Amino acid sequence: MYIKKVIIEGFKSYREEISTEPFSPKVNVVVGANGSGKSNFFHAIRFVLSDMFQNLRSEDRGALLHEGAGHSVVSAFVEIVFDNTDNRIPVDKEEVRLRRTVASKKDEYYLDGKHVRHVIVLFKTEVMNLLESAGFSRSNPYYVVQQGKIASLTLMKDSERLDLLKEIGGTRVYEDRRRESLKI
Ligand code: ATP
Ligand code: MG
């Protein structure tokens, strides 16, 4: 499984809809002048995939909306298209689309065009579990290696590194579910 395409509209420096060419499953390189939107592009990806940006306050959401002289937008979206030909995301589809939309008062998710009801708990169980079982860690998004991250990985305690490996392997979500089911 890999990210095949990213579509962005109205998010930070991206006013008009942009859509990337299909990515290679191997290495892709993003280049651009200073201030051209490289970091915003990765922010957009994390905005959809990580739970670091849940429970945003209205002003936080506002900061994500494109603002330009006379061209401010009232809503934005980021859509990630996964190539799922290896069925790593446990659904029987070759392509899975996850879109998050944001406006000053709204913040919603769509999975394959279908609205996922905006209840954070529900989102976590439906979408985050789906992502996590495909190896996307939600609390510790190692798939975007930010500055300083390599150092923190080497300095982690063994138990923390084991937790991370469980997340990468996509098994932690099942442990969580097992723990939940034993509570009942
Ligand atoms: P560098 O090479 O310096 O790291 P970069 O390609 O990573 O640059 P970004 O940080 O992604 O660039 O983009 C910065 C630009 O995005 C700035 O010009 C900033 O004004 C613009 N920007 C950030 N938020 C918004 C917003 N809400 N509306 C419009 N523009 C924005
Ligand atoms: Mg940058």
**Fill in**
Burial-style ranking of 103-110, 33-40, 145-152, 4-11, average other-beta-carbon count within 10 Å with highest first, yields 4-11, 103-110, 33-40, 145-152
**222 nm mean residue ellipticity, helices alone, for the chain (DSSP H n ≥ 4; -39,500 (n - 2.57); rounded to 500)** = -9000 deg cm²/dmol
**Complete:** Sorted largest first, the C-alpha extents of the stretch 44-94 along its principal axes in whole angstrom are 44, 23, 12
**Complete:** Other residues with Cβ under 14 Å from the Cβ of ARG57 give, with Lys and Arg +1 and Asp and Glu -1, a net charge of 0
**Complete:** With Cα coordinates, the longest principal axis of the chain makes an angle with the long axis of helix 38-49, in degrees rounded to 10, of 50 degrees
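For a 27 Å ceiling on Cα separation, which of these pairs sit above it: LYS93/LYS149; LYS38/LYS149; LYS26/LYS93; LYS106/LYS149; LYS26/LYS157?
LYS93/LYS149; LYS106/LYS149; LYS26/LYS157
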**Fill in**
So the pair-distance distribution of the chain, from every Cα-Cα distance in 10 Å bins, comes to percents of 8, 33, 36, 19, 3, 0
**Prompt:** Once you put a point 7 Å from the Cα of TYR110 and another 7 Å from the Cα of VAL145, both along the Cβ direction, what distance in nm separates them?
**Reply:** 3.4 nm
**Message:** Positive end of the dipole of the chain, charges at C-beta (+1 Lys, Arg; -1 Asp, Glu), about the Cα centre: which of ILE89, PRO25, ILE8 has its Cα farthest in that direction?
**Reply:** ILE89
**Request:** Return the lysines within reach of LYS105: Cα separation strictly under 21 angstrom, same-chain partners fewer than 8 residues apart disregarded; answer none if there are no such residues.
**Result:** LYS12, LYS114, LYS124
**Prompt:** Expressed as a whole number of Å, what is the distance separating the alpha-carbon centroids of the stretch 90-116 and the stretch 1-58?
**Reply:** 15 Å
**Prompt:** Reachable aspartates and glutamates from LYS183, Cα under 17 Å, same-chain residues fewer than 8 places away excluded?
**Reply:** GLU175
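Values in this text are rule-based calculations from the coordinates and carry no lab data. Keep in mind that this is a model prediction, so the values were computed, not measured. Methodologically, a virtual Cβ is constructed for each residue, glycine included, from the backbone with ideal geometry; neighbour enumeration extends over all protein chains shown.
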